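Shown next, in structure tokens, is the structure this report addresses.
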Amino acid sequence: MAMTIKRSNQSQDDVLLQEKQKIKLKKPSRYKVILINDDFTPQEFVIWVLANVFRKTMEESRHIMWTAHTTGTAVCGVYPLDIARTKLEEVHKLADEAGHPLQCQLAKEEEEG
């Protein structure tokens, strides 16, 4: 029994290029960590949390704290979901340990395009 092998005029590189063009990678969603103002957590503690958890400068930390204080909320940062959840949990843990009601929440960042 004879076996016929059909040869393609396309090189292996051409086939790989076509396959790569078909695959459209989507960037992972990102999430905002939003600080929620309350009337009980000391401003100094909020600034300390922003500097230590979100690695903000003192100036950035004061600005974010003041924005939350005057408008009710402020974005601390935007991260992939797992990092955003970790930062949220860290804020809540530190606040609980210090006896403060400081809260944050996550919000999915709007996708462009």
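The values are calculated or read from the model by the stated rules, or taken from the named source; none is laboratory data. Keep in mind the model is a prediction, meaning the values are calculated, not measured. Backbone-built Cβ (ideal geometry, glycine too); neighbour counts: all protein chains shown. Only protein heavy atoms, including side chains, enter the accessible area calculation; ligands, DNA and RNA are left aside. Shrake-Rupley method; radii C 1.70, N 1.55, O 1.52, S 1.80 Å.
Rolling a 1.4 angstrom probe over the protein heavy atoms, how many square angstrom per residue are accessible across the range 35-108?
59 Å²
At 0.36 nm per residue, minus the direct Cα-Cα distance, what do Glu89 and Asp38 gain on full extension? Give it in nm, one decimal, please.
16.6 nm
Give the carbon-plus-sulfur fraction of the accessible surface of the range 35-108 in %, rounded to a whole number; probe 1.4 Å, heavy atoms of protein chains only.
The C+S portion of the solvent-accessible surface of the range 35-108 is 54 percent.
Which loop-located chymotrypsin sites (Phe, Trp or Tyr not before Pro) does the range 35-113 contain, where loop means any DSSP state but H, G, I, E or B and the Cβ has at most 15 other Cβ atoms within 10 Å?
Counting only loop positions with at most 15 other Cβ atoms within 10 Å, the chymotrypsin sites (Phe, Trp or Tyr not before Pro) in the range 35-113 are Phe40.
Please give the length that would be gained between Arg62 and Lys27 if that part of the chain were fully extended, namely 0.36 nm times their separation in residues minus their C-alpha to C-alpha distance (nm, one decimal).
The span from Arg62 to Lys27 would gain 9.4 nm if fully extended.
Starting from the range 29-113, pick out the trypsin sites (Lys or Arg not before Pro) whose DSSP state is loop and whose Cβ has at most 11 other Cβ atoms within 10 Å.
Qualifying residues, ordered by number: Arg55.
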